[in-house]
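The values are calculated or read from the model by the stated rules, or taken from the named source; none is laboratory data. Since the structure is predicted, the reported quantities are computational estimates derived from the model, not experimental observations. Ideal geometry is used to build each Cβ from the backbone, glycine not excepted, and the neighbour counts take in all protein chains shown.
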Amino acid sequence: MHAVAQWSVGVRRHLGPGGDVFTGAGGTVVTVSGAKGGVGATLTAIQLALAAQASGRSTALLDMDLQTGDVAAYLDVQFRRSVVDLAAINDISPRVLADAVFRHDTGLALLLAPGEGERGEEVSDRSARQIVSALRSRYEVVVIDCGAQLGGAGAAAVEMADTALLVTTPDVVAVRGAKRAVRMWDRLQIRKAEETTVVVNRHTRSTEIQPRSSGRSPARPSPPPWSPPTSRSSRPWWTRAACTNWRTRAP
């Protein structure tokens, strides 16, 4: 939390009033964060990336859950390079980026979290901005798993994203966590509340909290949560293709 606050203050001081960060053409960046651990953020990020790749778009999946990232474990990947290898590089060339990326059998380009969690501290917010920019310039879609504990690097990624998803589950603890995260991002000027999409995962008709009621708050309204409809036709690619994952029921 302290690192995120420092990042926010530093960016505002550097930019001054009305500054605009992270402009320029490139691919679409989607971040996936968890309201708390265990809500399915990593699996959601993986499914989104696979869906984008299957739709014919060149896609990169970046594991920015730097201390506890599980993307490699989910995809059964062993690779000696990680996002840390790019942290100290000021100018990330296409060749340098290619050396750090693992090409999965599905075609996905994977940039993994370090195997030693303590090395995640080497990835600063400045490094994160450069890494995301490098991926965005090379791939049509960049999906970033930010995990449930947002540090400076994750905050930079969320700020850069074209779409920021916050995954929760329909229970009181997770929904409260989602509301706290949305308010904190807004308060620290990481991302406006109305620009954050809350995704309710594993919901059924019998769950504790229904998606349409989970956005209500007596103090301040959060952005309306989204849970996938039965029909896919009216949704953008990243929501249409991932409907199966959103509707996964809790075991």
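Of the residues that make up the range 107-116, is at least one more than 15 Å from residue 145 (Cβ to Cβ) and among the hydrophobic types (A, V, I, L, M, F, W, C)? For the range 107-116, residues more than 15 Å from residue 145 (Cβ to Cβ) and among the hydrophobic types (A, V, I, L, M, F, W, C): absent. Within the range 103-117, residues that are closer than 13 Å to residue 60 by Cα have Cβ atoms under 6 Å from residues that are part of a loop (DSSP other than H, G, I, E, B) and among the small types (Gly, Ala, Ser) in these pairs: 112/82, counting only partners at least 6 apart in sequence or on another chain. Elements of the type helices (runs of 4 or more DSSP H) sitting completely within the range 96-203 and holding at least 2 residues that are modelled with pLDDT of 95 or more: these cover 125-138, 152-160.
Only one entry in 142, 132, 123, 175 is touching a helix residue (DSSP H, G or I) at 6+ places or on another chain (Cβ under 8 Å), crowded, with 22+ Cβ neighbours inside 10 Å, under 21 Å from residue 43 (Cβ atoms) and among the aliphatic types (A, V, I, L, M), namely 142.
Restricting to the range 145-162, and then to whatever is within 12 Å of residue 63 (Cβ to Cβ) and touching a strand residue (DSSP E or B) at 6+ places or on another chain (Cβ under 8 Å), can you tell me which residue is surrounded by the most Cβ atoms within 10 Å (Cβ to Cβ)? Top of the filtered list is 146. In the range 20-37, the residues that are on the phi > 0 side of the Ramachandran plot reach residues that are small (Gly, Ala, Ser) and at pLDDT 95 or above with C-beta atoms within less than 6 angstrom, at least six apart or across chains, in these pairs: 26/137. Counting residues in the range 75-95 that are exposed (fewer than 14 other Cβ atoms within 10 Å of the Cβ) and assigned to a helix (DSSP H, G or I) gives one or more.
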